[in-house]
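These notes are about the structure you will find just below.
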Amino acid sequence: MPQYQTWEEFSHVAEKFYLADPMKAHVVLKYRHSDGNLCIKVTDDLVCLVYRTDQAQDVKKIEKFHSQLMRRMVAKESRSAAM
């Protein structure tokens, strides 16, 4: 389970990972209040990409990335191409 240290590297790899097979990709966000850590995972049940942060500025980046992926998931083009 590769854990990435930089956001740029993770977002680039995760986007490619999602675009390779959108029907198998899962995105999970997890926040632990006790630690103040936010974790984002992108997985297809075989490979799991992980990025963890406790920095406030990274939260906006993760939110933007997550919303972009959600838009791609509901877009008609991605659904028709995957089927």
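The values are calculated or read from the model by the stated rules, or taken from the named source; none is laboratory data. These numbers come from a predicted model, not from an experiment. Virtual Cβ from ideal backbone geometry, glycine too; neighbours counted across all protein chains shown. Remember, those area values only see protein heavy atoms, side chains included, never the ligands or the DNA or RNA. Shrake-Rupley method; radii C 1.70, N 1.55, O 1.52, S 1.80 Å.
List of remarks:
- Checked against (1) closer than 25 Å to A75 by Cβ; (2) more than 9 Å from the chain's Cα centre (by Cα); (3) not aromatic (F, W, Y), D58 passes all but condition (1).
- Check on K24, touching a residue at least 12 places away in the same chain (Cβ under 8 Å), among the basic types (K, R) and touching an Asp or Glu at 6+ places or on another chain (Cβ under 6 Å): yes
- Some residue of the range 56-65 being in a strand (DSSP E or B), surrounded by fewer than 17 Cβ atoms within 10 Å (Cβ to Cβ) and in contact (Cβ under 8 Å) with a residue 12 or more places away in the chain: no
- Test result for S80, at pLDDT below 90, out of contact with any Lys or Arg (no Cβ under 7 Å at 6 or more places or on another chain) and either among the hydroxyl-bearing types (S, T, Y) or surrounded by 15 or more Cβ atoms within 10 Å (Cβ to Cβ) (or both): yes
- Of all residues making up the range 36-55, the number that are among the charged types (D, E, K, R) and open to solvent by 80 Å² or more (accessible area, probe 1.4 Å): 3
- Given (1) assigned to a loop (DSSP other than H, G, I, E, B); (2) buried (at least 17 other Cβ atoms within 10 Å of the Cβ), number of the condition A14 does not satisfy: (1)
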